[in-house]
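The next block holds one structure in the form of C-alpha cells; read it before the comments.
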Amino acid sequence: MQVYKSVKGSGVYYILGMSILGDLLLGVLLFLIDSYEVLSILKVAIIVFNIYQLYYILICSSLKYFVDDDGIQILSVLKLKNIKIPFTSIQGYQKAQGHIRGMKLSGCGKNHFAIGRAIVEKIGSTYMFITSTKNIIYLKTDDINYGLSPENFHEFEKNLNDKNVNCISWEYKVNKNVNLYKDKKFFIPFIIVTVAVLILTLNPIILYFCNKLPAMMPLNFSSHFVAIKFGTSKQFAFKQMVYGVLNMAVLFCMYNAGYLCARYDKKSAYKFIYVPLILTFVFLIMQIRILLTFR
C-alpha cells in the first residue's frame, strides 16, 4: 500500500479566518440583542456554525490517499472521511491545474481549494478532496467523480496507469428526473418538519379557541426569559401562528432549493431539509417553554 498526503494549501487558514470572523459577528449580535427568541436562534446558529467549521478544518488538514491493489481510500483524521474507491469502478481520470471553475453544492471551498460536493466545469458532479489547485486529478466512477490533490502527483498518476486507469474525456449531463419524495433520507425529515410546523402553527390557535390560555400572555421576552411585554391571548396566538407561517415559508424555500440542487447532486440536497428542521424545533421548544411557564 502506498500513501499520498494531500498537498498543503491555504484552505485551513481560509476556513479558520471565516470561523473567527463569523464568531465575532455572531458575538456582537449576542451582545447587542436583548430578545429571548432571537438569542435562542443565534445560540443554536453559533453551535452549528462552529461544529461545521471544525469538521472541515480537521478534514482539510489531515487528508491522505491510500492506494493498494484493490482501489483508492480517502481518509482523514478520526475517520471523518473514509471513502473507498475500487479500481473496478473507476472509468478513467482527467488532470487539471489552476483555479477550480464550477459551482459549490456543499462543504467549504473557494477557487483555490474545495472540500465537499461541487459541479466542476467539463467534469460534472464531483466529490471534492482538493487542498491545492497546483495539480488536480479527477476520477470518474459510475456514480460520481472525485477530485484529489496528491503530493507526488506524477507518481500517483503512474500508479493509476499501472492499475489500467487511463486519462480520458467525458461529458456531463444534468439529471432532469428528480423524485426527492421517493428518497427516505429526504422525505422522512420533510414529514417530521411538516408535522412540527403544523403543531407550532395550530397549537396556540386551538388552545385559544378552547379557552385554554390565560387572558394575558407574554409577547416579548428579555434575553433572560423575563416577560417585558404582555398582550391578550388572541395576540399571543396570532404571533405564534405567524412564527409557524414563517417556518412554513422556510420549509417551502428549502424544499425547492433541495430539488434544484438534486438535479446536479442528490446527496447535496439533504442539507437543505435540515435547515427548517433545526429552525422549526427551536421555535417549537420556545413555544412549549412559554406555555408551560405562563399557562
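Bear in mind these aren't lab numbers, they're just calculated from the coordinates by the rules spelled out. Note that the coordinates shown come from a computational prediction; the quantities given were computed from them, not determined experimentally. Cβ: placed from backbone, ideal geometry, glycine included. Neighbour counts: every protein chain shown.
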- line: With label points set 7 Å from each Cα along the Cα-to-Cβ direction at Thr194 and Lys122, the distance between them in nm comes to 4.4 nm
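Multiplying the sequence separation of Val242 and Lys229 by 0.36 nm and subtracting their Cα-Cα distance, what value in nm do you get?
Numbers: separation 13, 0.36 × 13 = 4.68 nm, distance 1.75 nm.
Gain in length upon complete extension: 2.9 nm.
Remind me, relative contact order of the chain in percent, using alpha carbon pairs under 8 angstrom and six or more residues apart?
On the way: 473 pairs, mean separation 48.7, N = 295.
Relative CO of the chain lands at 17 percent.
Please compute the net charge surrounding Leu63, taking Lys and Arg as +1 and Asp and Glu as -1 over other residues with Cβ under 9 Å from its Cβ. Working shown, then result.
On the way: positive: Lys5, Lys64, Lys81; negative: none.
Result for the local shell: +3.
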- prompt: In the structure shown, do any of Lys43/Lys64; Lys64/Lys104; Lys64/Lys110; Lys43/Lys266 have a Cα-Cα gap over 28 Å, and if so which?
  reply: Lys43/Lys64; Lys43/Lys266
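Taking the highest mean first, how do the peptides 100-107, 42-49 order by number of other beta carbon atoms within 10 angstrom per residue?
Working: 100-107: 18.0, 42-49: 14.2.
With the highest mean Cβ count within 10 Å placed first, the list reads 100-107, 42-49.
Hey, can you list the DSSP H helices of the chain whose Cα span along the axis is 18 Å or longer and whose average Kyte-Doolittle score is at least -1.0? Can you show the working numbers first?
Values: long enough: 11-32 (32 Å, 2.00); 36-62 (39 Å, 1.48); 184-209 (37 Å, 1.95); 233-262 (43 Å, 0.77); 270-294 (37 Å, 1.82).
Taking the DSSP H segments of the chain (at least 18 Å long, mean hydropathy at least -1.0), we get 11-32, 36-62, 184-209, 233-262, 270-294.
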- prompt: Hey, if you put +1 on the Cβ of every Lys and Arg and -1 on every Asp and Glu Cβ in the stretch 2-163, which of His154, Val28, Asn50 ends up farthest toward the positive end of that dipole?
  reply: His154
query: Rounded, prolate or oblate: which fits the stretch 92-174 when a ≥ b ≥ c are the square roots of the eigenvalues of the alpha-carbon gyration tensor, with rounded for a/c under 1.5 and prolate only if a/b beats b/c?
result: oblate
task: Would you mind computing Rg(Cα) / (2.2 N^0.38 Å) for the chain, counting N as its residues?
output: 1.26
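Once you list every other residue whose beta carbon is under 15 Å from the beta carbon of Val7, what net charge do they have if Lys and Arg are +1 and Asp and Glu are -1? Please list the in-between numbers first.
On the way: positive: Lys5, Lys8, Lys64, Lys95, Lys134; negative: Glu151, Glu155, Glu157.
Surrounding charge for Val7 is +2.
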statement: Partner lysines whose C-alpha sits under 16 Å from that of Lys163, ignoring same-chain residues fewer than 8 away, are Lys84, Lys140
task: Go ahead and collect, in residue order, the members of the stretch 7-43 whose backbone nitrogen is under 18 Å from a label point 7 Å along the Cα-Cβ direction of Thr293.
output: 33-43
- prompt: Can you list the aspartates and glutamates whose alpha carbon is less than 18 Å from that of Lys173, not counting same-chain residues fewer than 8 positions off?
  reply: Glu121, Asp142, Asp143, Asp265
- request: With a point put 7 Å past each Cα toward its Cβ, work out how far Asn211 is from Asn179 in nm, to one decimal.
  value: 5.2 nm
